[in-house]
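Working notes, beginning with the structure itself.
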Amino acid sequence: MPTVKELDRSDSLAHFKKEFYRTEGQLYMDGNSLGLMSKRAENRLNELMDSWKIHAIDGWTEGENPWFTLAEDMSARIAPLVGAHAHEVMVTGSITSNIHQMLSTLFRPTPDRSVILVDELNFPSDIYAVESHLRLRGLEPETAMRKVKSTDGYTLEMADILQELREDVAVLLLPSVLYRSGQLLPLREITEAAHAKGILVGFDLAHSIGAMPHELHECGVDFAVWCHYKYMNSGPGGTGGLYIHERHHHLSPGNAGWFGSEKTKQFDMDHQFTKAQGAGAYQVGTPNIFSMAPLLGSIELFEEAGIDSIRKKSLELTRLLRQLAAEHIPELQDVTPKADEERGGHIAFAHPEAARICKALKQAEVVPDFRAPNIIRLAPIAFYTSYSDVEEMVSRLKNIMANELYKNFSNERNVVA
């Protein structure tokens, strides 16, 4: 097996590290929650601010990146990252607002088929959105929302998912990668099984987009939603994205808005809504130009690096991390699936003192991510993490555990971790 130094020397993505703003001496392992700022992202934001300064209202149609078509232009460049046609993707909204849009558009409950199937490990925001949507439809979440159970509290078994695909399920909404454990679900197999039962399938790609390639169109996935501020490095609260398979494009948006109009008719000011032909129809309000701007710079980096190369290095980094942790810190319980094809871009460790350990790591200039009640998430990001960084991070963590430095901190979680 190559040494860490040899891996660094042969790293084809190493030069991207200088593209990002980093704190000297700090090891940032939380890019699965918020990616670091890149210089390209900063430059594109400044450029779009300048377009406002220079062009004022004419910025909608003038300048290097006219605002009127900016979302569509960016969407076409995001589409390859999720394995979709350009007209199936839209940079818009947030995960929560896009879930509401997709359910409003696609969820057609009947007396015999009115259940939305989710899972008990999903991020709370998705559950809140489903519950509130069901209430708006006059349905009670207690009966119209069902959760796939986890046998170990960290991962989902395919057999348990299949068992819940009953005749009364209308929509299945799952994460592509579970935020808690880093488990990557088999999207194709799940989609095929659900479709065989007449169930629509949607995925939340929050913890997979930017970390690995996808094949949403080829797999036949009906819809997907995601954010861009994790692995995609678009900045806090950056505009999200949605995918809707072209076979559904005839449907009017459940939540119609001005920017969902056909572009050539948008300024006719007609009270009769004329929907756009593709995923653009499922936009609602005016694009948040400055929230989208950093993503322009980030897209450039992904196009240069290639998502396959990013995935290859990400797997190597996480493989190294778990190997070193198993060797030097066996008291940490690795709860991420072992196989490469079954994990995303981070490794999750369970420990009863997880909150204290994360605080000690921060004091040691390592930025981890704590998830209640007992999870330490560590995400070495392909763009700005070296193999030596992973080795050094494990060394600092080993020192914390061996000398019980975490006992200097409370195990109470912070409001923002």
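The values are calculated or read from the model by the stated rules, or taken from the named source; none is laboratory data. None of the values given here were measured: they were computed from a predicted structure. Heads up, the Cβs are rebuilt from the backbone with ideal geometry, glycines too, and the neighbour counts pull from every protein chain shown.
Structure values in brief
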item: Single condition residue 78 does not satisfy, out of (1) part of a loop (DSSP other than H, G, I, E, B); (2) of a type in the set (Val, Ile, Thr); (3) outside the structural domain of residue 396 (by TED's automatic domain parsing); result: (1)
item: Matching entry among 186, 175 (being assigned by TED's automatic domain parsing to the domain that holds residue 105, at pLDDT 95 or above and surrounded by fewer than 21 Cβ atoms within 10 Å (Cβ to Cβ)); result: 186
item: Filter result for residue 21 (free of Cβ contacts under 8 Å to residues at least 60 places away in the same chain and either over 24 Å from residue 65 (Cα atoms) or of a type in the set (A, V, I, L, M, F, W, C) (or both)); result: yes
item: Hits in segment 334-363 (condition: outside any helix (DSSP H, G or I), buried (at least 16 other Cβ atoms within 10 Å of the Cβ) and more than 21 Å from the chain's Cα centre (by Cα)); result: 334, 350, 351, 353
item: Members of segment 162-208 that are closer than 21 Å to residue 106 by Cα and small (Gly, Ala, Ser); result: 170, 176, 193, 194, 196, 198, 202, 206
item: Complete set of residues in segment 259-275 that are more than 20 Å from residue 226 (Cβ to Cβ) and in contact with a Ser or Thr (Cβ under 7 Å, 6 or more places away or on another chain); result: 261, 262, 265, 273, 274, 275
item: Failed criterion for residue 116 (all others in (1) assigned to a strand (DSSP E or B); (2) surrounded by fewer than 19 Cβ atoms within 10 Å (Cβ to Cβ); (3) among the hydrophobic types (A, V, I, L, M, F, W, C) hold); result: (2)
item: Those residues of segment 230-272 which are under 27 Å from residue 195 (Cβ atoms) and among the acidic types (Asp, Glu), in sequence order; result: 246
item: When residues of segment 120-137 are limited to those that are charged (D, E, K, R) and outside any loop (DSSP other than H, G, I, E, B), the one farthest from the chain's Cα centre (by Cα); result: 135
